[in-house]
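Notes follow once the structure below has been shown.
The values are calculated or read from the model by the stated rules, or taken from the named source; none is laboratory data. Source: prediction; values computed, not measured. Note that we place each Cβ from the backbone using ideal geometry, even for glycine, and neighbour counts take in every protein chain shown. With ligands, DNA and RNA removed, areas are computed over all heavy atoms of the protein, side chains included. Shrake-Rupley method; radii C 1.70, N 1.55, O 1.52, S 1.80 Å.
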Amino acid sequence: MNGLNRSAGIILRWRQRPSFHKTITAKIIRLNQAVFTRRLPKRLSYYSILILCLLLGPWLIAVAHAAEPIVIVIEGVEGDARKNVQEALVLPQGLVKDGKVDRLWLEHFVRQADQKVIKALEPFGYYSTRVIIKIETPEADEYLLRVKVEIGHPVILADVSISVIGQGASEASLAALISRFPLKKGNVLLHQPYEEARRNLQSRAQEMGYLDAEYTVHEIRIDETARFARITLVLETGAKYFFSDVTIEGASDYPDAFLRRYITFTPGDVFSYTRLAESQIQLNNSERFREVIVLAEKEQAQDFKIPVQILLKPMPRRGLRPGIGYGTDTGARFSLRYRDVNMFHKGQELSSNLFISERLQGLATSYIIPSDKDIRTFTSAQINIQREDITTYNSQLISLELARSSSFGNQKQGTAYVKFQQEEYTIGNQDSSARYVLPGIRFSDNHYDNMIRPTSGFRYALDLRGTSQALGSTTQLLQLLTEASHILSLPWRLSLATSARANITFFSDPLSDLPPSLRFFAGGDQSVRGYAYQSLGPRDASGNVVGGKHLLTGCVELQRAILEDWAVSVFYNAGNAFDSFTDVTLFQAAGFGVHYFTPVGALNLSVARTIGVEDPGYRIHFTVGFEF
């Protein structure tokens, strides 16, 4: 190639594979040419598509081969570079019509094809490529395009110069990104990592408040021999922007202080598009507003301080929502939820949920008094009436819980509570009742990327509770309940989910004095699949499961996303309830699952086989739930 002096914007010819995003958009934030949207996956049924593909697939393939009289053979290049060449040589629509090839059009396509191949290989560092394309006719009306490629030597970077000027020149995080720039002196010139790193540096500067950050120089110079190149990037950050005053319009029925709980920034903070998006998400997720629009126009900034305007359209404050579902643990279930989200026009919330299933029935009513601090700080009271009748035990209880929850930073929440409960129960051959006053503290931290269908992140929770006869309880005990889960995103649309639960009773009265709600059991959809709900634990002299003082369960699941709303998985889980750590037997099972995700609920089907027992068996676990 002749002497070249090209800017990065000219030479970039990376062809990305097409992707399809089936989404519906709701609740838009306008942010000076940046638009945040809340996306909800469409509800699609793929059964008919799958059946048609199975029945018609072979016929469609045969028709496709019959209707393609042009075959392209590429020689001399492999891997991702070959895929890029194949995409560059896609035949134009109309070149083949009614099974006939337009020969003149084909020859014109071939005359242009060599340059397409050359340009397709440049993103991989090959700038001295030679291409020879021949048209062969093995049979009448059939053509073979033989593409011979000599890729030559890749271009090597002789120098990489990246600098930041302006107010952000001393920012440590920008310097760290520069130090981690993926292309170094001596590397092959690869366009994709170059472009990604270049965009990341600019995006990071803008996220730090330098909204005018632009490259004054961004070029790649290639020498006359097409053997060496030099990268030069100069990022001018400009001035740093800050948040100014926030005005909220359209929700006059709510107190102003209540609405500002949802805003994740204060005037004077560094301006951030992410903080604006977080505020919009919190307002949307409150289920109080049918529309949320956040406006932040940089052109209205004064002294680099940007005012923010939030426009709200409230939903009706009262709502009644029925729900249906099925779970292997509970059987068929029905629920009816009443909710008033603005009691006394102070943003206080009354919620009452009636739930009826084959094995569990109850009514839970809660009242929440929010704090002006943030959305995770509030005072609550909950009354719960419940009856549970399963193979292991029968229990009826009524309880009142008073709690104060506080936020401890991003997604961290702590709760101090006291529960008053009366419980009557039958377990094994024992009929009894218990009364207790149970104070405790809870703490949780949640960092999943999506609460409906997470692909990465983690969560952990702790609950320390105890009681004594001195508090008016019929029993005394101290318990620590812990749980943790993690999802790791992997290539090829895979994700690895791990979870564990460990519950410990440090001291207590005899087990026979503890009601089922304070004992531990294992087995079921959310515990050890392969075993029935609450069917694992210590047994009495008659062989009845009576529960244990401690619990240990764990699960490892590898999930593969397919299509848009489907996934399949394989899993292994183990666990049991027991009375002593010196005598622990963990029951094990493994299996596979199929999952379908919708905006209003998920369908999960798992088939588990028990492991390490004399007579292994299979068990199907199925859960589905919808709220209308």
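Computed quantities for the displayed model
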quantity	calculated
FRET efficiency, ILE504 to THR365 (Cβ-Cβ, R0 25 Å, nearest 0.05)	0.20
Added length on full extension, which subtracts the Cα-Cα distance from 0.36 nm per residue, ARG337 to VAL110	75.0 nm
Peptides 169-179, 233-243 ordered by average Cβ neighbours within 10 Å, highest first	233-243, 169-179
Net charge contributed by nearby residues that have their C-beta within less than 11 Å of VAL570 (K/R +1, D/E -1)	0
Binned Cα-Cα distance frequencies in the range 248-397 - 10 Å width, integer %	10, 30, 26, 18, 11, 4, 1
Solvent-accessible heavy-atom area per residue, rounded to whole Å², over the range 262-421 at 1.4 Å	49 Å²
Globularity index of the chain, i.e. its alpha-carbon radius of gyration over 2.2 N^0.38 Å	1.25
Neighbour-limited loop hits for trypsin sites (Lys or Arg not before Pro), the range 343-410 (at most 14 other Cβ within 10 Å; DSSP other than H, G, I, E, B)	LYS346, LYS373
Length released on extending from GLU614 to GLU358, taking residue separation times 0.36 nm less the Cα-Cα span	89.0 nm
Carbon plus sulfur fraction of accessible area for the chain, probe 1.4 Å, in percent	56 percent
Pairwise FRET efficiency - ASP431 versus GLU150, Cβ, R0 = 60 Å, nearest 0.05	0.10
Where labels lie 7 Å past Cα in the beta-carbon direction, separation of ALA158 and LEU480 in nm	6.4 nm
Inter-site label distance for ARG199 and LEU295 at 7 Å from Cα along Cβ, in nm	3.0 nm
Separation in nanometres of the label points that stand 7 Å from Cα toward Cβ, at THR216 and ASP303	2.7 nm
Reachable aspartates and glutamates, given that their alpha-carbon falls under 19 Å from the alpha-carbon of LYS134 and they are not under 8 places away in the same chain	GLU68, GLU75, GLU87, ASP102, GLU107, ASP114, GLU142, GLU150
Candidate aspartates and glutamates - alpha carbon under 15 Å from LYS549, same-chain residues fewer than 8 apart omitted	ASP509, ASP513, ASP540, ASP579, ASP583
Extension reserve of the THR379-VAL594 stretch, reckoned as 0.36 nm per residue once the Cα distance is removed	73.4 nm
Packing-based ranking, highest mean first, of 134-140, 350-356, 95-101 given that Cβ atoms within 10 Å are counted	350-356, 95-101, 134-140
Estimated FRET transfer efficiency (ARG180, TYR326; beta-carbon r; R0 56 Å; 0.05)	0.65
